[in-house]
Amino acid sequence: MASWYLTSLGAGDDLRDMIYLIALAITATAWAMRYWWDGPPWQEEKACYANPGVLTRGHLPVTRSTPDSERYLAIWRGEPQCWPFHARFLLPWFCRDHTRWWHGATAGSLILTGPALAGYALAHGLSPAHALACVVAFTGLWGCFGLLTLCPILVDAPALLVALCGAGLYLSTGSVVPLLVAGLLVGAIKETGPVWLALFAWHPAALVGLMVPITRYFVPHPGPDHDIVAHPVRSAMQYRRGTLFDGTMMLAPWGVGLLALLNPSPQLWAALAFGYAQTLVASDVQRLVHVAAPVVLVHALAVVPEGWLPVVLALHLFNPWAVSPFEKQPVRLQGVP
């Protein structure tokens, strides 16, 4: 799929080849730096094998385990899960309960998102410099890069990559076939994936992928087993209490993405509306909202003169509100089998 994606975007052109390689280097370097910066000393890492505890940092040989992560590992062990985790079957089937495989799937997806995002930006008419700026800005967003780097047992990164590749292929070829294929694939990864694909491509054909989660819904599965699942709106409002209109949590983490407000479009409003609507039924903020990053960054960086890109990106990468206090809560670490 990767070679098809590059070929369809004109990978025979030397300049495009260079853009994709640089984009790949950017996300690979950013991923490695995140682990180096946040990785615990080897003594803590070693202790985590024998006695998993609570650490505030993560590293490759150990995995930050979230409640969602435990559910994905349980799916492969044959333990039925309630909705919506019941619908997210593809990654658990592929990665099983081997956390190293989950590390590889998430890390590979985040790194490959670099050239996929660069191609998406080029398909939107951005210059090579602006396309690469989108990739740099992407690595500075906590919800769609930093958090997923340190919490790899999640389905978000592969879902974003598939949706972005499908949208890029459609925009570059004009064929809806990539939307249909990517829609069905991402629908098996995460139930909201086809909607994001439709928003990225701005084409309703991608919504055919919703057939997958809809079909899964009618496969017998347990009822809600947690308050956030049984009463999502009420629980989300408890999490949002006092912060729903807090700009440092709901807006400031976007950094350079806020410039998109200077370049509005129906696609931008729709992507933001869907992203923020999810925060009304879930506890997370940035992990859900920042999925709109491809649309937001393309709109935002299009208004920045090329000469100002280094300054704007520097401010973005050192954004003091990049990680909201709510997102900084430590999560449990467990050893890799």
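Tabulated data
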{"item": "The range 143-287: mean projected area of Cα convex hull, nm²", "result": "9.9"}
{"item": "Debye-sum result for the range 184-267 in log10 I(q)/I(0), which assumes one identical scatterer on each alpha carbon, at q = 0.13, 0.21, 0.27 Å⁻¹", "result": "-0.72, -1.06, -1.08"}
{"item": "Label-point separation, W269 to R241 (7 Å along Cα→Cβ), nm", "result": "3.4"}
{"item": "Fewest-first ranking of S127, S69, S172, using other Cβ atoms within 10 Å as the exposure measure", "result": "S127, S172, S69"}
{"item": "Peptides 150-159, 246-255, 111-120 ordered by average Cβ neighbours within 10 Å, highest first", "result": "111-120, 150-159, 246-255"}
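Values quoted throughout were computed directly from the atomic coordinates according to the rules given, and no laboratory measurement underlies them. The structure displayed is predicted, hence computed values, not measured ones. Every residue, glycine among them, receives a Cβ derived from its backbone with ideal geometry; neighbour counts consider all protein chains shown.
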